[in-house]
């Protein structure tokens, strides 16, 4: 990576500079967790909705970072004597300007990719097709945002022979900012679809906005079969060179035919009047379009069709997400064989650190050779070693000739292998215990075989948890809150079935204020896993008081008996001012002190120095029900009146909270000091359901398809039958997994290849039967029990219950897969 003298960069943008000790830097970071070589890093302190990068400057300085881009209101007074600062009004805008300045120092070809879908896949496939013939700088993962684009472009250096960067937008005005940063010489439009349509009046308007990326391009690549795209391209850029692929005779790359060929697709193409038969290792239409976009880019770059035909057969799928799974012997396994470059390795290691269960857990990395880094092998391995040291990786298993030949550069417990097969032959699974394991490799190393060995559960029925969607939902609710309103996130009942620790860890990173659990055991589990947030125990039991004190868990006190017992335990231990949370019953008639008990309660609280009231709260009976709005308002009024008297008598203030997920959206005037967010984080139960995203997806697969005659009985007790000759699919998920037995006999349905299919007959313990007559179904095909295409609300309605019950009924034997896209 090219280095710059700090004083040199000061002249790139309009800023005030403070130089205490002029140094050189090469890396730019915006996330304090991804610092790899502190002494060579510039940290951009960006102020966002939930994070302020300026808060991490002191910590980064202690780690060795000396270069910072900060905003004018930063306090320079605290112990940063050797630090250098670029001081600007807006750090994000300044960083974008820096990246744009750097981009203009290079004259190599740069491909800019935009579109509604397929940007990341086309980018990765262009890189795969180029192979080792050029040194490529490309966007890490799907870095295509206002921050991601400048981070991507910053990777260019003197070794770069080709840049491949993607640009994503979600509203008007964004492309005009990031287009000059990429400044592509070749443009690729993948397609225009419904993604991010909410901020555009039409697809045509969205297309016009995306096309701004191509303003300075020498050539624009697009599919010519879309009338809208053709019209807009010719209208906006009548003098530019186009390279079109499609079925029309005027297409530069004409598609003559396509047909299935085993597990792939045989495509007939015509280019420069010569016909070619090209085999791609995918059979779906989406991959077909993405492949043609990548092939077109290679042709524009000057590669021959003969070269492309040979390389395209080696294309491998692009994993669009990083997955976290339970591993053998109390390990966790993070599988990120998405792409393998230094930037994405730093991001994956940051996730490894975030998910490590406590400070004593060993961090292990299984890593393949990294290609197309633009660095010599020696420098690359030195940087990898520095990065592993920085994040506390204690064991490395390296695969590939580059890593093995530079083994002496790695200063940790490390073993190296020539191939993945050699690794598998020599590694004993039981040698991994209590470890956080990151699997990071280029796709051609086939590291999925390694992941399979290390995963604990191989039952293909699984519950997928989309951590991106969880964070998006959290931020959606945050957008509805006042700046000073706190959030108590509920992770009781095994995180609503999604996993307590994994969810809590994300919430801790997102800086919620409190976590709520039902019982002390759940809180202890989180503490042992390294969760340090304040935790409220909603149902404390006397026998759990000692362990609660040991792990700094804060009890809900809902009656005089539990209050007296807790005060006695504190007195015996000599503890004073221990934080407690007082539960008030305003109409639920469940746990809680009632209004008439106020005076007695206040007197006990005032005369008990052992405790201090941290919060007082109550539960709304039906905040989501319009018909109960008057009762809800009366609950809020009673609560506010009670807590006002309580504060006056105690002589100090405390946190007050009464709103749940639905209440946040429907009664914003009652936010008070804190709100409780539970089911809403999972995309369920909001009055503005469109804005929320489903987090969990319960899925299985078809183990067998068989034909049945009309009125033949199906399943136990001969309860199921079809009224016609048809086909049933056997799916290995049953009531032991959490598929409620009442969903049998046509009550419930699942999604097979995007099509609804009813459950036939009685649901068995470990499997069920589904009517797939007339559907596109095949053995091994995926089945969605609930998820984005079959909302959990549908299943709840069929059962006459609520999504809470469905979520919490999913058996722990079902494998949980956590992923970031």
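Among 619, 711, rank each residue by its count of other Cβ atoms within 10 Å, from fewest to most, as a rough exposure measure.
711, 619
In the range 4-94, what % of DSSP beta bridges are antiparallel (nearest 5)?
Here the share of antiparallel DSSP bridges comes out near 40 percent.
To the nearest 0.05, what FRET efficiency results for residue 560 and residue 479 with a Förster distance of 41 Å applied to their C-beta separation?
0.50
With a cut-off of 8 Å between alpha carbons and a minimum separation of six or more residues, what is the relative contact order of the chain in percent?
8 percent
Take residue 134 and residue 161, extend 7 Å from each Cα along the Cα→Cβ direction, and tell me the distance between the two endpoints in nm.
Each label point lies 7 Å from its Cα, and together they span 0.9 nm.
What per residue convex hull volume, in Å³, do the alpha-carbon atoms of the range 465-690 yield?
117 Å³
Starting at 0 and stepping by 10 Å, how many percent of the alpha carbon pairs of the range 106-312 end up in each bin?
Bin by bin from 0 Å, the calculated values are 9, 37, 37, 16, 1.
Given the DSSP H assignment, sum -39500 (n - 2.57) over each helix run of at least 4 residues in the chain and divide by its residue total; what's the result at 222 nm in deg cm²/dmol, nearest 500?
Calculated from helices alone, the mean residue ellipticity at 222 nm is -8500 deg cm²/dmol.
When the convex hull of the C-alpha atoms of the range 339-456 is computed, what volume per residue in Å³ does it have?
Hull volume over Cα atoms, normalised by residue count, gives 99 Å³.
Mind giving me the nanometre distance, one decimal, between the label points for residue 794 and residue 58, set 7 Å out from Cα along Cα→Cβ?
Inter-label distance under the simple model: 5.3 nm.
Once fully extended, how much extra length lies between residue 288 and residue 452, figured as 0.36 nm per residue of separation less the alpha-carbon to alpha-carbon distance?
The residue 288-residue 452 span can extend by a further 56.2 nm.
Sort 171, 210, 102, 614 so that the residue with the fewest other Cβ atoms within 10 Å of its own Cβ comes first and the one with the most comes last.
171, 614, 102, 210
Take every DSSP beta bridge whose two residues both sit in the range 106-312, then give the antiparallel share in percent to the nearest 5.
DSSP beta bridges in the range 106-312 are roughly 40 percent antiparallel.
Give me the extension gain from residue 625 to residue 263: residue separation times 0.36 nm, minus the current Cα-Cα distance, reported in nm with one decimal.
That works out to 125.2 nm of additional length.
Would you mind pulling out the separation of the Cα centroids of the range 661-737 and the range 578-597, in Å?
Distance between centres, Cα-based: 35 Å.
How much length, in nm to one decimal, is gained on full extension between residue 81 and residue 801, taken as 0.36 nm per residue of separation minus their Cα-Cα distance?
253.0 nm
Taking 2.2 N^0.38 Å as the expected size of a compact globular protein, what ratio does the Cα radius of gyration of the range 696-820 give against it, to two decimals?
1.00
Give or take rounding to whole Å, what are the principal axis extents of the alpha carbon atoms in the range 408-473, in descending order?
46, 29, 28
If you take the beta carbon distance between residue 776 and residue 591 as r and set R0 to 41 Å, what does 1/(1 + (r/R0)^6) give as a FRET efficiency, to the nearest 0.05?
E(calc), rounded to 0.05, equals 0.20.
Averaging the inverse of every distinct alpha carbon separation and then flipping it gives the Kirkwood radius. What is it for the range 4-94, in angstrom units?
12.9 Å
What angle, in degrees between 0 and 90 and rounded to the nearest 10, separates the Cα long axis of helix 119-130 from the longest principal axis of the Cα atoms of the chain?
Approximately 40 degrees, to the nearest ten.
Quick check for you: which residues of the range 670-684 have the amide N under 19 Å from the point 7 Å beyond the Cα of residue 644 toward its beta carbon?
670-674
Quick check on the exposure proxy: order 789, 514 from fewest to most C-beta atoms within 10 angstrom.
By the 10 Å Cβ count, ascending: 789, 514.
Say R0 is 41 Å: what FRET efficiency, to the nearest 0.05, do residue 547 and residue 747 get from their beta-carbon distance?
It comes to 0.45.
According to a simple spin-label model (label point 7 Å from Cα along Cα-to-Cβ), what is the distance in nm between residue 329 and residue 377?
Going by the 7 Å Cα→Cβ label model, 3.1 nm.
Over the Cα atoms of the chain, what Rg and Dmax result, in angstrom?
Reported Rg and Dmax, both Å: 29.3, 94.
Just so you know, all these numbers are worked out from the coordinates, no wet-lab data involved. All of these numbers come straight from a predicted model, not from anything done at the bench. All Cβ positions, glycine included, derive from the backbone under ideal geometry; neighbour counts span all protein chains shown.
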